[in-house]
Every structure is written in C-alpha cells, then in structure tokens.
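A.B. asks: My structure is below; once you've seen it, I'll send some questions.
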Amino acid sequence: MKKVLILGSTGSIGTQALEIIRNNRDKFSACGLSCRSRVDDLIAQIREFAPESVCVGNSDDAKRVKSEFPEIDVHYGDAGLVEIAGMDCDIVLNALMGISGLAPTYEAISHGRDIALANKETLVAGGEIVTELCREKGVKLIPVDSEHSAIFQCLEGNGGSACARAYKDDAGDGPDRAIRRILLTASGGPFRGRTLDEMRDVTIEQALNHPNWSMGSKITIDSATMMNKGLEVIEARWLFDIPADKIDVHVHPESIVHSMVEFMDGSVIAQMGIPDMKIPIGLALNYPDRLSLIPEFSGLDEDRGSDGSLDFFTKGANLTFEKADRKTFRCLDIAYAAIREGGSAPVVMNGANEELVAMFLAGNIGFTDIPETIERVMDKSGFSRPGTVEEILAIDNESRIMARKMLKTE
C-alpha cells in the first residue's frame, strides 16, 4: 500500500485525490494532510482517513485539532509544512497554492520522497535548484497539471522516460526518440476572443467563470489572464529540459487534447480525454500503472458516453486549434520573456502576479492592472541568480512589495 502525504488536502486537487484514495483503499492510505484555513473540512478528513500527521495554518487551529485528535502529530504555519513534508511516506502530492509550495517540496525531495506536483510555482520559482536536487536524490517528479501530465504520457508512450533529457537540438545532439517541440494546449479561458478594451471592466465573477474546468480562484484568474499558460511554459521547460522557444501554445477551447509532443521525424503524439483532474491525479499517485477511473465518470454529463468514456460523437467530434492572442493576453509573452532572461526573473514575475491576483480578487484593482503592473515590476527589477530556497522567497517578497507600492495599496 502506498502512503500518500497530501499538502493542500481541502482544495480542489486535494479533495479529488482523497476521493481516489477512498475508492482505492487497497492501494493507498492518506498518511498526512494539510490545510491553510478550512479546518472544519480537515477535521472531517481526519475522521475518515486517520492520518498520522496534519498541518494547519496557525497555532490556534493546531490546538483545536490536537485537542480533538491527541493521537496525531499536528504542525502549523509555513514551518509546519516543511516539517510535515519530511515525514515517512511513499509520495507527496503537492496541491498547495502559489510560492508556499516551494519549501515543502524541496524538503520532501531532500528526504528522497517522490513528488506528484500540482504546484507549478515550485518549478516556476525554483526550477533549477529543485530539478538538480531531484537528480541528486534520484526522486521522481511526476506532473499533475493536465497539460504536463499529457506531455509526460506522450513521452512515456514514445518508449522512454518522460523525465529524462529528451530534447534534441537542431544539430542532432541528443538521445534517440528525442522530441522536437512541445505543443501546450490552452482552453483560452472565459475571455477568449475579446479585445483588451473589452476586458478592462470585467468583474471578478466573470473572470472566475471558466468554461471547462472547476479550479481554485487563483488558478482560475490565471487562466483568464493566460498567466497560467505562461507559468506552464516555464514549468515544462524544467520538467522536460527543453528550451522555452521549443514550447508552443495552441488554444484548444474543447479541452479534449490536453497537450501534444512533436518528435524529430515529424510525428505528433497527443494525449486526449475528458477534462477531469482525477485522470492526471490518479496516474501520478499510481505511476507507472493506471487506475480504473472510467466507471466513476458514468452518467455525469452529456459529453461522456453511457459508460463514462469520452464520446467522440458529441464533444470529441470537432476539435479546433487557434493561435494564442499574445497582444491581448500579455501575460503569456511576459512569461516567455522571464524564462529567456533567467535568474530571478520568473521569481519576480510569479511573486508580482500572485500579489496582484489576490488584490483583484479582493476588489482592489482592475483585471487589466494585473499584466500591466507585472510588466512595470519586471522593468524595475534586477535579476540575480538565487541559489537557495531562502533567497528565492526573499526575492518573491520584494516583488510583492513593489507591486503594492506601484498601485499605492499599502
């Protein structure tokens, strides 16, 4: 039985992972759980799954949980996340939001734990040091994002390890079966087809109304600005060791093709499926084997066949692809510029973006203030090369302060 530590167990990814564990108790146990503020939900999870350790957001919540469950280890805060990340387990599912996922991921890797990664900011901000540590410790880094899971599956289907160095440059240097290009798909979000002027007055509710996926609020706003796709470009660069200029974004509004890989001979392999996060979560937890998930989808909506499988005669009948509108959705170009610049540029970009998204969700700024302010922060920043988690977190904090100052919201 595989012992799973879930960081962020009360969020969208975490609750779906627990549903998979609930339905496969012969394969998995939830040995550790964490939440930031949804303590009532965590308590219900503790009663059902009986973890050995948990982590909550603050000391008061820790005392509450400990009084109710004196037999388990209780941690709290950012330090607590690092502590619980070092516990004995087989795999850590990092479903935390934002930069908070970096330090516990690094700690878990330091202890030799395999990582199921749903926290893209870990690689956006710390890609170089995280991947170096994975190689040093022999740790598997298995992506949970639907797009990166798709690329992972395409590479595995090509007869090699998906996390091996797979890119072959134009001179032909590189391994056999090498990839030429990654085709990263994007839904286009709720504002696909709109102009920049049409988005200046969009509401929080409109931005949170994603057409295909049910996600947390931060990632949904990132999808609306297309920063989420920019972050995924950077994540893919580190996961698959391929230059960012070999990663192309294709808008695919049906969200059936989750991403594709083009190989050196011109062949393109795509991974397709219904837009349901249980598929990449289940694969990451049970890798290298797949779980029987199709019966769980049966009868859920008209896009699936009667047995729960993808119905190619309805939603899968017409698959369309468009170029991303990078003039309107500036965040995508900002992300490409950040990875080309290197050093701390992705850290600065990510920190400013996280702060600005939070400000938008709080009603303090407009939607188009997000990309405009990120660009201003980037223009005024120097880009050193951070070598530790602590240095990355310090740069992240500085970029947040700069973003707030620029909008005079301190």
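A.B. asks: Rolling a 1.4 Å sphere over the protein heavy atoms, what is the accessible area per residue of the chain, to the nearest Å²?
C.D. replies: Values: 17310 Å² over 410 residues.
With all protein chains present, the chain gives 42 Å² per residue.
A.B. asks: Can you pull the accessible area of Glu71 for me, 1.4 Å probe, Å² to the nearest 10?
C.D. replies: About 130 Å², ignoring ligands and nucleic acids.
A.B. asks: Ser292 versus Asn212, label points 7 Å from Cα toward the beta carbon: distance in nm?
C.D. replies: 2.9 nm
A.B. asks: In Å, what Kirkwood hydrodynamic radius results for region 1-72 from the alpha-carbon pair distances? Write down the numbers at each step before the final one.
C.D. replies: On the way: mean 1/r = 0.0829 Å⁻¹.
Hydrodynamic radius (Kirkwood, Cα only) of region 1-72 equals 12.1 Å.
A.B. asks: Related question: Step through the residues of region 68-80 one at a time and calculate ³J(HN,Hα) from phi using the Karplus curve (6.51 cos²θ - 1.76 cosθ + 1.60, θ = phi - 60°), rounding each to whole Hz and writing x for Gly and Pro.
C.D. replies: 8, 10, x, 7, 10, 7, 10, 10, 8, x, 5, 5, x
A.B. asks: Assuming R0 = 30 Å, can you tell me the calculated FRET efficiency for the pair Lys405 and Phe312, based on Cβ-Cβ distance, to the nearest 0.05? Walk me through the intermediate numbers first.
C.D. replies: Working: r = 52 Å, r/R0 = 1.74.
The calculated FRET efficiency here is 0.05.
A.B. asks: Same structure again: Using the Kirkwood formula on the Cα atoms of region 35-77, what hydrodynamic radius do you get, in angstrom to one decimal?
C.D. replies: Values: mean 1/r = 0.1007 Å⁻¹.
Mean inverse Cα-Cα distance, inverted, gives 9.9 Å.
A.B. asks: How much net charge surrounds Phe69 when only the other residues with a Cβ under 14 Å from the Cβ of Phe69 are counted, with Lys and Arg +1 and Asp and Glu -1? Don't skip to the answer; put the middle values down first.
C.D. replies: Working: positive: Arg47, Lys63, Arg64, Lys66; negative: Asp40, Glu48, Glu52, Asp61, Glu68, Glu71, Asp73.
For residues surrounding Phe69, the net value is -3.
A.B. asks: What distance in nm lies between label points placed 7 Å from Cα along the C-beta direction at Asp265 and Arg326?
C.D. replies: Rounded to a tenth, the inter-label distance reads 3.1 nm.
A.B. asks: Accessible area of the chain with a 1.4 Å probe: how many percent of it is carbon plus sulfur?
C.D. replies: Numbers: 7990 of 17310 Å².
Ligands and nucleic acids excluded, carbon and sulfur give 46 percent.
A.B. asks: Amide H to amide H, which residues 5 or more places from Ile91 or on other chains are under 5 Å from it, using H placed in the peptide plane?
C.D. replies: Residues meeting the criterion, in which the H sits 1.01 Å from N, are Lys3, Leu5.
A.B. asks: For the chain, what is the convex hull (Cα atoms) projected area averaged across all directions, in square nanometres? Let's see the in-between values first.
C.D. replies: Values: hull surface 79.8 nm².
Result: 19.9 nm².
A.B. asks: At 0.36 nm per residue, minus the direct Cα-Cα distance, what do Asp333 and Asp379 gain on full extension? Give it in nm, one decimal, please. Please report the intermediate quantities before stating the final value.
C.D. replies: On the way: separation 46, 0.36 × 46 = 16.56 nm, distance 1.39 nm.
Between Asp333 and Asp379, full extension yields 15.2 nm more.
A.B. asks: Okay, moving on. Applying a 10 Å radius around every beta-carbon, put 107-119, 144-156 in order of their mean neighbour count, most first. Intermediate values should be presented prior to the final figure.
C.D. replies: Working: 107-119: 22.0, 144-156: 24.8.
Result, highest mean Cβ count within 10 Å first: 144-156, 107-119.
A.B. asks: If the only charges are +1 at each Lys and Arg Cβ and -1 at each Asp and Glu Cβ, what is the size of the charge dipole of region 323-399 around the Cα centre, to the nearest 20 debye? Kindly include the intermediate steps, with their values, before the conclusion.
C.D. replies: Working: 8 positive and 13 negative charges, 81 e Å.
Its charge dipole is roughly 380 debye.
A.B. asks: Any idea how far apart Glu198 and Asn58 come out in nm if each label point goes 7 Å out from Cα toward Cβ?
C.D. replies: A separation of 4.3 nm, rounded to one decimal place.
A.B. asks: From the phi angles alone, apply the Karplus equation (6.51, -1.76, 1.60; θ = phi - 60°) to region 286-294 and give each ³J(HN,Hα) in whole Hz, x where the residue is Gly or Pro.
C.D. replies: So the J values, rounded to whole Hz, are 9, 3, x, 9, 9, 8, 8, 9, 3.
A.B. asks: If you plug each phi of region 122-128 into the Karplus form 6.51 cos²θ - 1.76 cosθ + 1.60 with θ = phi - 60°, what whole-Hz ³J(HN,Hα) values come out, in order, with x for Gly and Pro?
C.D. replies: 4, 8, 4, 8, x, x, 5
A.B. asks: Quote the FRET efficiency, to the nearest 0.05, computed for Glu205 versus Ile72 with a Förster distance R0 of 56 Å and r equal to the Cβ-Cβ distance. Walk me through the intermediate numbers first.
C.D. replies: Values: r = 39 Å, r/R0 = 0.69.
Efficiency, rounded to the nearest 0.05: 0.90.
A.B. asks: Let me ask something else about it. In a Debye calculation with equal point scatterers on the alpha-carbon sites of region 1-151 and no solvent, what is log10 I(q)/I(0) at q = 0.10 Å⁻¹?
C.D. replies: -0.31
A.B. asks: Moving on to the next point. Hey, got the Cα dimensions of region 313-410 along the principal axes, in Å, largest first?
C.D. replies: Extents along the principal axes, in whole Å: 52, 33, 23.
The values are calculated or read from the model by the stated rules, or taken from the named source; none is laboratory data. Keep in mind that what you see is a predicted model, and the values were worked out from it rather than measured. Here the Cβ is made from the backbone with ideal geometry for all residues, glycine too, and neighbour counts use every protein chain on show. Just so you know, the surface numbers come from the protein's heavy atoms only, side chains and all, with ligands and any DNA or RNA stripped out. Shrake-Rupley method; radii C 1.70, N 1.55, O 1.52, S 1.80 Å.
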